[in-house]
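Asker: Please find one structure pasted underneath; my questions will follow.
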Amino acid sequence: MLNAVRIWILLSTWLVSAGWILSALHQLNRVGYGVAFALTGTVAICWWGKNKWPALQMPPAAWHKFRRRFKRPAPLLFLVLVLMSLVSGILYAPYNPDTNSYRFPRMLHWLGQGQWHWIHTADMRMNVAGCGYEWLLAPVLLFTRTDRFLFLINWVSYLMLPGLMFCFFKLIGLRLRVAWWWTWLLASGWCYVLQSASVVNDALPVIYALAAVVLAMRIRRTGRTMDFWFSLLAAALLTGVKQTGIPLAGLWLLAVWPHRRIAWANPKTFFVIASLGLLVSGVPTIVFNCMHTGSWSGVSALQAEDPGWRLQLNSPFWGIVGNSFCLLVQNLLPPFFPWRGAWNHAMDDFVATPFGTHFNSFEFFGHVSPGISESSAGIGLAIVFMTLISIGAARTFTAARQIKCSPLQLGLRVCPWFLLVLFMAKVGFAQNARHLATYYIFFFPLLLAHAGHEKLVRQQWWQIITLLCISFSAGLLVVNTARPLFPAVAVMRQLAAGHPHSKIIAALHDAYMAPNSLRNAERQIEEKVPPSEPLVGYAGLWNTQLEPALWRPLGARRVEDVLNTDSPEQLLQQGIHYVVIENYPSLDCQNISEWMARYHASLTAEFMYQDKGRDSSQSHVYMMRLDGKPSSQGVTAGSTTPP
């Protein structure tokens, strides 16, 4: 299993570093990747032939062990989760508001210009967010010309989660039986299961975080210097996916510190690997953010874009207090919560009170989603329930012998909780339970350290409840609103027709219809935008989702974002004759007529769709034709090479 993890680290390192290097050479295209693949393949074949590592064939004994392991109920249920998530990923196109708003569009902008660049956009997240995940997806999107295979990045990572988790628990001093059972239970955490076939990147870095710590801790037992370099690369990859994962690099530093002499004993190798690590880490994004916004995280640019937007908390103390409440609520949220509107309204009223003003720097303090999805899920109600039961029940087994742990193991158990406090003091996102997906597993060694857990996991009642919790995650995959494994559209239409006055059924209907509504809107975009237009404008406010559809067919058209600072002459000089508007294009225009008058445009089509990213409200889409003539001195529409 660890050989597969090492290969995944190498592949991820190659993909991220290739993205940055090809961007620097202005060759972020098929030819550039083709040459990079050829050169890397040649070097790999030569190295492979010399070192003969790793072996590709699975030994018969390993295959027999694999079959025997998955005959047991817990691993078998995990295998069912894996297969169900694969089926859901194959059946459905990716659907996620954040991904559609800025992750897919920025990849398309990079590929459209053959390089990473600071994008002219109204959604500054396209520029300031970590790029590590997008560099994994870019060549898949480039060569397949479709987004239907992008979920495989998360799915393959999910396959490695139980093995890495068990290694981590074993190395940190948990009893093997306790580690075994909790490995399968935690692998069924809602954030991991629901994101395994999605294009959300919150759970993906947990593989790098676990690999970094596990490989660093194994050095003492195996003496393999190579694992030091792999752990360094894994820690670097962890920081490059999301800025919220950067504090976990401190956990890796704690694990690798006893072996720091390896770096000083091999200065040349350390320089090369460290340089490569800096390239695939969050450092490039931080550097560009400092250059363009004056802050390492880009917060200043986001707040300049929308002064009312919140990210960093005003008070660390009230941040910890507020997040303690929000994280608890979000992780206790049931799969479906039809009272979401009343709850969120009550939270808004609370923030308006004198005491509630302490939490007004949060992004939508206390707000919850209408139910559990990959965009909102934390570790999940089932695991929170099992954790509380287990902690209480384990303490009834007082005769169990306590196993001592080393100072390093104790530090690795306690350190994640300090990182959690740091996270709560600084981050005020509306969905912090999802953003903690990389952290959750590291919290459990301290919770499971009591010796009574060894006897508890032998109890039949505990094992039955654990298997039920894992099975419940399979049920979530079935009813997942983004990728249901039942005919949801037909069922919801029939229920809505039979119960027209039921608010609960209406909420369920809206949740299941949102992805279908977005697909219909994308089809209208593809049908109504003239195929002869190689360059189309797009104007939208926060969390708009239709820009990826404007790029289709991929490679045949480019899209430029239209800001309220862009003049009609600038658009025409760029060769933009059509602009698609999602909701109102700027805060300066009170209605669409003002926009049409300002840009001398005429309306060619309009429609609405249900936007799950905007509290299931209706988004209004307008298609505009600019009536002016392009300047003879303007930039031609085909001056930039398409992806």
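Asker: With everything on Cα atoms, drop me the angle between helix 2-24 and the longest principal axis of the chain, reported from 0 to 90° to the nearest 10.
Answerer: Compared with the principal axis, the helix lies near 30 degrees.
Asker: Turning to a different aspect of this structure: Taking the simple approach of a point 7 Å from Cα along Cα-to-Cβ for both M226 and F355, what is their distance in nm?
Answerer: 6.0 nm
Asker: Three principal axis extents, largest first, for the C-alpha atoms of region 520-626, in Å?
Answerer: 37, 34, 21
Asker: Please compute the length gained on full extension between H620 and Q570, using 0.36 nm multiplied by the number of residues separating them and subtracting their Cα-Cα distance. Could the numbers behind the result be given before it?
Answerer: On the way: separation 50, 0.36 × 50 = 18.00 nm, distance 2.51 nm.
Roughly 15.5 nm would be gained on extension.
Asker: Report, for the chain, the % of DSSP beta bridges that are antiparallel, rounded to 5.
Answerer: Antiparallel bridges make up about 70 percent of those DSSP assigns within the chain.
Asker: Residue separation times 0.36 nm, minus the C-alpha to C-alpha distance between N314 and V31: what's the value?
Answerer: Stretched fully, the N314-V31 segment lengthens by 97.1 nm.
Asker: Ok, one more. Fewest Cβ neighbours within 10 Å first, please rank S373, S295, S517, S567 accordingly. Numbers along the way, then the final one.
Answerer: Details: S373 24, S295 16, S517 19, S567 10.
Least crowded to most crowded, the residues run S567, S295, S517, S373.
Asker: Another question, if that's okay. If packing is taken as the mean number of other Cβ atoms within 10 Å per residue, what is the order of 443-449, 503-509, highest first?
Answerer: Details: 443-449: 20.7, 503-509: 16.9.
Packing order, densest peptide first, comes out as 443-449, 503-509.
Asker: Same structure, new question: Would you order R458, R175 from fewest to most other beta-carbon atoms within 10 Å of each residue's own beta-carbon?
Answerer: R458, R175
Asker: Between R458 and F385, what FRET efficiency follows from the Cβ-Cβ distance if R0 is 35 Å, with the result rounded to 0.05?
Answerer: For R458 and F385, the calculated efficiency is 0.95.
Asker: May I have the pair-distance distribution P(r) for the chain, computed from all Cα-Cα distances with 20 Å bins from 0 and rounded to whole percent?
Answerer: Reading the bins upward from 0: 17, 52, 27, 3, 0.
Asker: If the limit is 20 Å between Cα atoms, which of K404/K455; K71/K455; K170/K242 go over it?
Answerer: Among K404/K455; K71/K455; K170/K242, the Cα-Cα distance tops 20 Å for K71/K455; K170/K242.
Asker: Continuing with the same structure: Please work out how much length the chain gains when fully extended from L11 to L91, using 0.36 nm per residue of separation minus the C-alpha to C-alpha distance, in nm with one decimal.
Answerer: 26.2 nm
Asker: Right, something else. With the contact rule set at Cα under 8 Å and sequence spacing of 6 or more, what percent relative contact order holds for the chain?
Answerer: Relative contact order for the chain comes out at 16 percent.
Asker: Output the 0 to 90 degree angle, nearest 10, between the alpha-carbon long axis of helix 225-241 and the longest principal axis computed from the alpha carbons of the chain.
Answerer: The angle comes out at about 40 degrees.
Asker: Given the DSSP H assignment, sum -39500 (n - 2.57) over each helix run of at least 4 residues in the chain and divide by its residue total; what's the result at 222 nm in deg cm²/dmol, nearest 500?
Answerer: -18000 deg cm²/dmol
Asker: Using modelled amide H (1.01 Å from N, peptide plane; none on Pro or chain starts), what sits under 5 Å from the amide H of E560, excluding residues fewer than 5 places away?
Answerer: For E560, whose amide H was placed from the backbone, the distant partners under 5 Å are V536, G537, Y538.
Asker: Roughly how far apart, in whole Å, are the Cα centres of region 402-459 and region 126-187?
Answerer: So the two Cα centres are separated by 19 Å.
Asker: Quick one: which residues, 5+ away or cross-chain, put their amide H under 5 Å from the amide H of G371? H built at 1.01 Å from N.
Answerer: Amide H neighbours of G371, under 5 Å, 5+ apart: F337.
Asker: How far apart, in nm, are the 7 Å Cα→Cβ label points at S295 and W47?
Answerer: Going by the 7 Å Cα→Cβ label model, 4.0 nm.
Asker: OK, next. As I understand it, the value is the acute angle between the Cα axis of helix 407-426 and the longest principal axis of the Cα atoms of the chain; what does it come to in degrees, rounded to 10?
Answerer: With both axes taken from Cα atoms, the answer is about 30 degrees.
Asker: Most exposed first by the Cβ proxy, i.e. fewest other Cβ within 10 Å, how do D123, D510 rank?
Answerer: Ordered from fewest to most neighbouring Cβ atoms within 10 Å, D123, D510 come out as D510, D123.
Asker: With r as the distance between the Cβ atoms of L422 and M1 and R0 = 30 Å, compute the FRET efficiency 1/(1 + (r/R0)^6) and round to 0.05.
Answerer: For M1 and L422, the calculated efficiency is 0.45.
Asker: In nm, to one decimal, how far is the V321 label point from the T398 one, both placed 7 Å along Cα→Cβ?
Answerer: If labels sit at V321 and T398, their model points lie 3.8 nm apart.
Asker: Report the relative contact order of region 520-626, percent, no decimals, based on alpha-carbon pairs under 8 angstrom and at least 6 residues apart. Walk me through the numbers before you get to the answer.
Answerer: Details: 175 pairs, mean separation 30.1, N = 107.
Relative contact order comes out at 28 percent.
Read-outs throughout are calculated quantities, based only on the coordinates presented, and are distinct from any laboratory measurement. From a predicted model like this one, the values you see are computed outputs, not experimental measurements. Cβ: placed from backbone, ideal geometry, glycine included. Neighbour counts: every protein chain shown.
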